[in-house]
Amino acid sequence: MILNGINNKKILFKTVLMDSWYVTQRLMALMDSLGKNYYFPLKSNPAC
């Protein structure tokens, strides 16, 4: 969805704010590769 917004819809943005439900290492790596700032609350992991 983010790549569609950038490539097809030409939406300009610098920062992504997202709920912890959607946070993945892959998504954070994508934001880094695109040079975007991102703010995600981290999920707690009671198993650790």
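Would you check which residues across the stretch 20-48 are at pLDDT 90 or above, part of a loop (DSSP other than H, G, I, E, B) and closer than 16 Å to MET1 by Cα and list them?
LYS36
Please specify each residue of the stretch 19-42 satisfying the condition of being among the hydroxyl-bearing types (Ser, Thr, Tyr) and surrounded by fewer than 10 Cβ atoms within 10 Å (Cβ to Cβ).
Of everything in the stretch 19-42, those that are among the hydroxyl-bearing types (Ser, Thr, Tyr) and surrounded by fewer than 10 Cβ atoms within 10 Å (Cβ to Cβ) turn out to be TYR22, THR24, SER33, TYR39.
Starting from the stretch 1-26, take each residue that is closer than 10 Å to PHE40 by Cα and list its partners that are of a type in the set (D, E, K, R), counting only C-beta distances under 9 angstrom and pairs at least six apart or across chains.
VAL16/LYS36; SER20/LYS43; TRP21/LYS43; VAL23/LYS43
How about the stretch 1-18: which of its residues are loosely packed, with under 10 Cβ neighbours inside 10 Å, modelled with pLDDT of 90 or more and part of a loop (DSSP other than H, G, I, E, B)?
ASN8, LYS9, LYS10, LEU12, LYS14
The values are calculated or read from the model by the stated rules, or taken from the named source; none is laboratory data. Nothing here was measured: the structure is a model prediction, and the numbers come from that model. Note that each Cβ is placed from the backbone with ideal geometry, even for glycine, and that neighbours are counted across all protein chains shown.
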